[in-house]
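Trainee: Supplied in structure tokens, the structure appears directly below.
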Amino acid sequence: MSTIPTQDQVREALGRVIDPEIRQPITDLGMVESIDVSPEGVVTVSVLLTVAGCPLKDTITADTRKEVGALEGVTDVQVRMGVMNDEQRAALRSHLRGGEAEPEIPFSKPGNLTRVYAVTSGKGGVGKSSVTTNLAAAMAAQGLSVGVVDADIYGFSVPRMLGVDHVPTQLDGMIVPPVAHDVKVISIGMFVEDKQPVVWRGPMLHRAVQQFLSDVFWGDLDVLLLDLPPGTGDVTISVAQLLPKAEILVVTTPQTAAAEVAERTGLIATQTKQKVVGVIENMSYLPQPDGTRLEVFGSGGGQAVSDSLSQVLGYEVPLLAQLPLDIKLREGADVGVPATVSAGGRPAADAPAAIELAQVAQRLGHQERGLSGMKLGISPVSR
């Protein structure tokens, strides 16, 4: 005859239930209000949601039933949902911020180890957002903790490309970003009505970017990608001010006209003192059935940008990839499944551009994060 579980055993099982958005155990977040175990083995768990109508409550319910139901002696699991009060939400917000009262940008702190990549282009329509979302999904599939800021305020498209269809949860001023393909994502598109244009100028744009970086709970990220607007406007300048250690990734096409504009985007590094980590040439060629390449938009643009930036900046700015025209990228973007993870977390064998982007993600995402030059907060002890 099996014995019924204790409350401690149930709580331990609930520690394996992870909040889908915050990505921490619900026990650590104060979401478990009560646990009751009847003599017949019926376990009743009261879970407090951060907000009423939480879009992922069904996931929490299913995971709770799965973990608790696996305990020996449990005959049934009942999950009751409630909502946190103001005091409980304030405690959760303080917990997530590590006790800090005011929001601040974690990525600009001296000891922060997150690699920040600002993905930019000289002009629109070169596939910058496609590159950003596919890199992010590939990095997450490779085991990294990844976030994406859709900083293209006027031309936001990241939510659709990652398949995000619900608004972020807000905790009294703190924003919990939605998660898609294991990528945390935030975009102005989540806060405006469908098809409504954003008509903002400099100060409002700066404040929006600042809020995306400081008011959003990102957690401990390995990589943060920012999808910037084309050119060198207000948002690009704001990112340079708010994230001076961000590295620039330039996306262009082989076309000479596009490459010339892309060079100017990369050369902003001479004024902001940021590093240009590389160049990606998109839509380089169209593979032909006989194995040849049809260079629809010409050739050499990406290499020209790489060579020019290397010469002016005084260090190597590599051409990281030359991506062929790949219908899988377009199809994935339309349905919200990046091509780099469309085949069970991997790119499909017939998606050459996705395969190359996955290799770039491996290169950018797994660069070592060193402690050189950082203060460790320790001092020698005299004996």
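Trainee: With label points built 7 Å along Cα→Cβ from the Cα atoms of Gln311 and Asn85, find their separation and express it in nm.
Mentor: 7.0 nm
Trainee: In debye to the nearest 20, how big a dipole does the chain give about its Cα centre with +1 on each Lys and Arg Cβ and -1 on each Asp and Glu Cβ?
Mentor: Dipole magnitude for the chain comes out near 960 debye.
Trainee: Same structure again: Taking a cut-off of 17 Å, what percent of all Cα-Cα pairs in segment 7-96 are separated by more than that?
Mentor: Beyond 17 Å sits 43 percent of the P(r) for segment 7-96.
Trainee: Spelling out what I want: for every residue of segment 81-86, take phi, set θ = phi - 60°, compute 6.51 cos²θ - 1.76 cosθ + 1.60 (Karplus), and round to whole Hz; glycine and proline get x.
Mentor: 9, x, 10, 4, 8, 4
Trainee: Dividing the Cα convex hull volume of segment 108-365 by residue count, how many Å³ per residue is that?
Mentor: It comes to 126 Å³ per residue, whole-number rounded.
Trainee: Taking Lys273 as the anchor, which aspartates and glutamates have their alpha carbon closer than 14 Å to its alpha carbon, excluding any fewer than eight residues away along the same chain?
Mentor: List returned: Glu247.
Trainee: For Pro229, what charge total do you get from the other residues with a beta carbon under 11 Å from its beta carbon, if Lys and Arg give +1 and Asp and Glu give -1?
Mentor: Summing Lys/Arg as +1 and Asp/Glu as -1 gives -2.
Trainee: Still on this structure, I have one more. With r defined as the distance between the Cβ atoms of Gln288 and Gln362 and R0 fixed at 30 Å, what FRET efficiency is calculated, to the nearest 0.05?
Mentor: 0.60
Trainee: Also: Only four residue types carry charge here, +1 at the Cβ of Lys and Arg and -1 at the Cβ of Asp and Glu. Report the dipole size of segment 1-156 about the Cα centre in Debye, rounded to the nearest 20.
Mentor: It comes to approximately 740 debye.
Trainee: Please give the net charge around Ala240, taking every other residue with its beta carbon less than 14 angstrom from that of Ala240, where Lys and Arg add +1 and Asp and Glu add -1.
Mentor: Taking every other residue near Ala240 into account, the sum is +1.
Trainee: Report the residues of segment 107-126 in range of a label on Gln271: point 7 Å along Cα→C-beta, backbone N strictly under 19 Å from it.
Mentor: Of the residues in segment 107-126, 118-124 have backbone N under 19 Å from the label point off Gln271.
Trainee: Sticking with this one: Within 10 Å of each residue's Cβ, count the other Cβ atoms and sort Tyr154, Tyr285 from fewest upward.
Mentor: The fewest-first ordering by Cβ neighbours comes to Tyr154, Tyr285.
Trainee: Among the listed pairs Lys123/Lys275; Lys275/Lys328; Lys128/Lys328, which are separated by more than 22 Å between their Cα atoms?
Mentor: From Lys123/Lys275; Lys275/Lys328; Lys128/Lys328, over 22 Å: Lys275/Lys328.
Taken together, the values in this text are just the output of simple stated rules run on the coordinates, not laboratory data. These numbers were taken from a predicted model, which means no experiment stands behind them. Here Cβ is always computed from backbone atoms with ideal geometry, including for glycine, and neighbour counts include all displayed protein chains.
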